[in-house]
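The values are calculated or read from the model by the stated rules, or taken from the named source; none is laboratory data. A quick note: this is a predicted structure, and the numbers were derived from the prediction, not measured. So basically every Cβ, Gly included, is an ideal-geometry build from the backbone, and we count neighbours across all protein chains shown.
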Amino acid sequence: MRRTKIVATLGPASGTPAVIGEMLDAGMDVARLGLAHGTPEEHRAAMAMVRDEARRRGRIVGVLADLPGPKVRTGPFPEGGSFLAEGAEVVLVAGEGPSSGERIEVDEPEVAQVVEPGATVVLGDGTVVLEVVAVEGDTVRARVQAGGRLQGRPGAHLPSDRWRPPVPTEDDLRLIDAVAREADWVAVSFVRRPEELRRVREALGDDGPRLMAKIETRAAVEHLDELMTVADGIMVARGDLGIDAPIEDVPHLQKRIIRACAARGLPVVTATQMLESMVSAARPTRAEATDVANAVADGTDALMLSAETAIGRDPALAVRTMARIAERAEQAEEMHAVPVDRGVVSRRVPSTGAVTLAMAHAALRAADELGLAAIVCCTRAGTTARAMAALRPRARLVGASPSPATARQLTLSWGVEPLEVAEYHTTDEMVWCVVEAAVEAGVVHHGEAIAVLAGAPDAAARTTDVLRVVQVE
């Protein structure tokens, strides 16, 4: 049984109930909506399709709404595009007028203030790389380091150490009101500091979706510890991170970010170009298969497909291929050792989180020593299940919640099989309720011994303080 979750992006190639159903059958756990493209109405329709198709299959599936964030674009290039040759000089100016191979307009009013000689500007997700030669008033002169053809209105990546646009943007806030609040997770693009995440959380409301910080700039890496105190999850967004940081640093930053999330017990998603060749091919490259397997070995909770399922030739095949690679990687012997640094941050602080983690460790030991078939976590907000997932138990892991939203949010956590249960009011009722529901769902079977981990339902503090070993009759 695969424990690493799969996030798949919806788009033109996967925007019908039939294809979404195929992706669910192939192993999609979370559907991603890229709010930078399409309309709120289209995204709400896609969300409804995902939930309808999941309901038909008796599945619980999450939805991740990805806010566009601040994005600088050039003015439009002529039809057919313009080729920028290596070594050529171009000028950059603020504006939204037409661009050419000699003069490029960008829709950042302060472009001349946020670059300096020697800085790098990347156009079209890496198609063209410019080095700033001089800044003369409102005009930036640059030399083409890596040439290529630019078409349409490609993005322009400015140095993140000087460019500090507002996050969330006005467009982000509009999209939160229009569609994102209905999702289960919301990803914040180009976040750099915790106060930016707090502004998004305030816009989402107290009962809103869980918050994911996308780590895609050097500034975000530098403030990672602070961001993790606010975020509910982290995404290693390797696309923009590989532009803002030296490409040779990206594999090591990925490992560092995943380790940091493991120490806090935060779900982490590894994203960008994991099976990129499957946009047009029926098989991934050997390097891509190795990349997926290495991310699993690093300890990622989830793997993400972007263009592969949004515009690819066969979205369901891409999901199925990623599922096979991840499942095989999980069979490696080294995957069965719990890293010593998992949860260490929580253990340093005497808090309800530390108590929950200690109880999770007790459940892990009981499951290993007694050979228990499953660990069932009773959870209202998902905290207990996420703490258990962080320890990577061998036993089957069930997250049982009376909250449908919590159950959907748990689809992003490693190994957690979410299960909706009836409301409970006492500890005995809770244990009976979740065991019966788990048996009916087929995740626990008669004759098995399981651990039930929970907090007392009537306790004022939401702390996990109940552990029972139950023989399922």
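Of note:
- Matching strands (runs of 3 or more DSSP E) fully within region 89-151 where at least 2 residues are aliphatic (A, V, I, L, M) and at negative phi: 89-94, 103-106, 120-123, 128-136, 139-146
- Residues that are out of contact with any His (no Cβ under 9 Å at 6 or more places or on another chain) and either in contact (Cβ under 8 Å) with a residue 24 or more places away in the chain or assigned to a strand (DSSP E or B) (or both) within region 192-206 comprise Glu196, Leu197, Arg198, Arg199, Val200, Arg201, Ala203, Leu204, Gly205, listed in sequence order.
- Of all residues assigned to region 224-239, none qualifies as being in a helix (DSSP H, G or I) and without any contact (Cβ under 8 Å) to a residue 24 or more places away in the chain.
- Any chance Gly21 is surrounded by 14 or more Cβ atoms within 10 Å (Cβ to Cβ), in the same structural domain as Trp185 (by TED's automatic domain parsing), small (Gly, Ala, Ser) and farther than 26 Å from Arg153 by Cβ: yes
- Any hit, region 254-269, residues being at pLDDT 95 or above, in contact with a Leu (Cβ under 7 Å, 6 or more places away or on another chain), among the charged types (D, E, K, R) and not assigned by TED's automatic domain parsing to the domain that holds Asp125: no
- For region 36-58, the candidate set comprises residues that are in contact with an Asp or Glu (Cβ under 8 Å, 6 or more places away or on another chain) and at pLDDT 95 or above; within that set, the residue that is surrounded by the most Cβ atoms within 10 Å (Cβ to Cβ) is Met47.
- Residues that are crowded, with 18+ Cβ neighbours inside 10 Å and over 19 Å from Ile325 (Cα atoms), drawn from region 259-291: Ala260, Cys261, Ala262, Ala263, Arg264, Gly265, Leu266, Pro267
- Evaluation of Thr300 against (1) in a loop (DSSP other than H, G, I, E, B); (2) of a type in the set (Val, Ile, Thr); (3) surrounded by fewer than 24 Cβ atoms within 10 Å (Cβ to Cβ) (one fails), failing number: (3)
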